[in-house]
Structure formats: structure tokens, C-alpha cells
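The values are calculated or read from the model by the stated rules, or taken from the named source; none is laboratory data. What you see is a predicted model, and the numbers here were worked out from it, not measured in a lab. As a convention, Cβ positions derive from the backbone with ideal geometry for all residues, glycine included, and neighbour counts pool all protein chains shown.
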Amino acid sequence: MGMMVEGVWRDADTRISAGAFVRSETEFRNRVAADGSADFPAAAGRYHLYVAFACPWAHRTLVVRALKGLEDALPMSAVDPDNVAQGWAFTGAAGTTLDRANGCRFLHEVYKLARSDYTGRVTVPVLWDTQTRTIVNNESAEIIRMLNRELDAFATRTFPDLYPLELRTEIDPINDRVYRTVNNGVYRAGFATAQDKYDEAVTALFESFDWLENRLTTRRWLCGNRFTEADVRLWTTLVRFDAVYCGHFKCNLRRLADYPALWGYTRDVYALPGVAATVDMAQIKQHYYGSQVKVNPTRIVPQGPLLDLAAPHDRARLGPTPVSRA
């Protein structure tokens, strides 16, 4: 379950140290393997994915699940975007679901089913094993690698390997920089309580945006002609940037739309098979503006900006579109 803060439940996802935002480590780190090398064997329908459409970390798993066509093999439940009161809740409101695996009202109850003495943070995504009734993993970076290859036998689409051996020495440092300065960088800016920590985070963020803009001006994807997990991990932050991070988290030196390559790239990924259906901008805005009351005490959700993620782009001239075959 979450921790008690000021009389309400909060997701114990962060702490503040000398005014700097610090993200805690995830605790469930087991894996599913198709070759029998893990305690959790690959199987269709055995595992259940808990997500929030609002959350960029959970969004990674939804994108890979869609690209691979794993919707039938890996059922999912989606929490409400308002992470208040007792934390992530299953309400069945529009765009969400009830808990289809355990019938819980709150996600912290799922964590308690896995470990009765659990007192850590309660986050999405969660990969749940319905057979042993426990959490396999709650680290998004590891879950997307499992979805990338371990459930291939049950996928309805053939999609290129997102973590190919020959590109790992390029993917890993990109992931590291993007995580530190972009994925987590927007939170370091938004949750900072000291001016110097905010300034440091925003400076690093836009230095990386400049680097990414330069890289994507001549490359279709981060690793050239190959769409990889690095693209998935970057994209879930980019698609939220102008709607949330630019204003709500004060990451406002420039908008994403001010970067021609990055903005075109964001629309390019959005157009891949199944990806658009994983984006619920209303839930994204409701979660950030409505739940993070220390950043936005009024909880007023802005009407804008007006974003056309489906607008045409010309990025096909830079390289091939990954082929997803049913």
C-alpha cells in the first residue's frame, strides 16, 4: 500500500532530498521467460497487466503490448487517473476498468495480496501472475523487454525485435541519458522544491532536447533505420510534454512543437499500428493537474493545448517504417 501523508494515501514514488526529487527503486523484479529459465514460464492468459493510461511508465507497456498484438494473451486492468485518497483506484469510469484479475478496489490491495507485509510504493505498471497470485514485476523497463520477446508465441503481430543484440551498445546509453534528463528529468523539474535543483533539471532536459532534435533531423528513429525500445521509452514522455510537462512542471523554455524533428517524430510513432489507441489525453491531463495538488492546488485542468497528433509528417523520407504483420 501507499504511505500516509497529510491524512491521505499517497503513492510512495518519490522523496525530496535537499530540494531535489529522488525516485525510489521498484521492488518486484522477477521475470517471465519462454525458455524455462525463470520461475514464471511464458503462457497465454496466465499474466495480467495493471496500468494507468495517465502514467508514462505504464504507457510503455501498453505501446509494446499493442505493437506485438498481445491484447488477448495479456489481459489488462486500468486504474482511474485520479491518484488521490487511497491512491490508484479501480472505478470503472470511462476509459478505465474494474480490477479484472482480483476484484480489488485499490491497487495497494493487489500489492498486499502479493506480499502481506508490503509497505513500499504502489505504482503502475504491474505484471501479475494469476496462477501463483503474486506480482512478477513492477519495473516498466523490464516488463517491456519481456513483452518484446518472451510472449512471441502468443502475439498476433510479428514486430521487429525492440532490443536487438547488435544495437544494444547504442540503445543502452541512449536509454540512460533519456531516463536521467527527459523521462525522470521532467519530474525532477516539476517536483523540485529548491530553485537550483529546478534550474539544473530544466537545463539538462533542454540540452537533451537539443541533442535529440539534432539526432532525429537525420534519423527516422533514435538508432537510425531501426525502431527500438529506446523510441518507446522516449516517446511516452514526448507525447505528454506540451499538454502537461511544459506548463504543469514548468518545463517551458520551449514547447515540443517548437522542435520540428521531435514533433514530427512524436506524430510518426503515434501513427504506428495500435499506438494511437494507447493515448488518452483526457486521462493524462486529469491525472497530473487533478492529482498533484502540491503542484496545482486548485486542481483545475486546462482546456488546452490543442494538439493534432494525427497530423501528417514527412519522416518516411528518413528511413523505413517498422512492419507489423498480423
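Being part of a loop (DSSP other than H, G, I, E, B), at pLDDT below 95 and not assigned by TED's automatic domain parsing to the domain that holds Leu147 is the requirement here; does Pro302 meet it? In short, no.
Can you find a residue in region 18-30 that is part of a loop (DSSP other than H, G, I, E, B), out of contact with any Gly (no Cβ under 8 Å at 6 or more places or on another chain) and modelled with pLDDT of 85 or more? Yes. Could you identify the single residue in Arg240, Arg233, Arg180, Arg226 that is more than 30 Å from Pro312 (Cβ to Cβ) and of a type outside the set (A, V, I, L, M)? Exactly one of Arg240, Arg233, Arg180, Arg226 is more than 30 Å from Pro312 (Cβ to Cβ) and of a type outside the set (A, V, I, L, M), namely Arg180.
Restricting region 71-112 to residues that are assigned to a helix (DSSP H, G or I) and among the charged types (D, E, K, R), the residue that is farthest from Gln286 (Cα to Cα) is Lys112. Do the conditions hold for Thr217, that is, is it of a type in the set (S, T, N, Q) and assigned to a helix (DSSP H, G or I)? Against the criterion (of a type in the set (S, T, N, Q) and assigned to a helix (DSSP H, G or I)), Thr217 qualifies.
Taking into account only those residues within region 282-305 that are among the hydrophobic types (A, V, I, L, M, F, W, C) and within 14 Å of Gly247 (Cβ to Cβ), which is surrounded by the fewest Cβ atoms within 10 Å (Cβ to Cβ)? Out of the qualifying residues, it is Ile300. Within region 81-111, if we keep just the residues that are touching a residue at least 24 places away in the same chain (Cβ under 8 Å) and of a type in the set (S, T, N, Q), the residue that is farthest from Phe28 (Cα to Cα) turns out to be Thr96.
Based on what the data block shows, is Ala78 of a type outside the set (S, T, N, Q) and farther than 24 Å from Val269 by Cα? Considered against the rule, which asks whether it is of a type outside the set (S, T, N, Q) and farther than 24 Å from Val269 by Cα, Ala78 comes out as no.
Looking at Arg267, Arg317, which one is part of a helix (DSSP H, G or I), of a type outside the set (Ser, Thr, Tyr) and either surrounded by fewer than 15 Cβ atoms within 10 Å (Cβ to Cβ) or over 21 Å from the mean Cα position of the chain (by Cα) (or both)? Checking each option against the conditions leaves just Arg317.
Under the condition of being in a helix (DSSP H, G or I) and touching a Pro at 6+ places or on another chain (Cβ under 9 Å), the residues counted in region 270-287 number 6. Filtered by the rule that a residue be of a type outside the set (Phe, Trp, Tyr), in contact (Cβ under 8 Å) with a residue 24 or more places away in the chain and assigned to a helix (DSSP H, G or I), region 153-184 gives Ala153, Leu167, Glu170, Ile171, Ile174, Asn175, Arg177, Val178, Arg180, Thr181, Val182, Asn183. Of all residues in region 113-152, those satisfying the criterion of being among the charged types (D, E, K, R) and either more than 13 Å from Glu27 (Cα to Cα) or part of a loop (DSSP other than H, G, I, E, B) (or both) are Arg115, Asp117, Arg121, Asp129, Arg133, Glu139, Arg145, Arg149, Glu150, Asp152. For first residues located in region 277-297 and in contact (Cβ under 8 Å) with a residue 12 or more places away in the chain and on the phi < 0 side of the Ramachandran plot, partners that are surrounded by fewer than 20 Cβ atoms within 10 Å (Cβ to Cβ) and of a type in the set (S, T, N, Q) and lie 6+ apart or on another chain with Cβ distances below 7 Å form the pairs Tyr289/Asn296. Taking region 31-70 as the range and being aliphatic (A, V, I, L, M), under 24 Å from Phe191 (Cβ atoms) and in a loop (DSSP other than H, G, I, E, B) as the test, the residues that pass are Ala52, Ala54.
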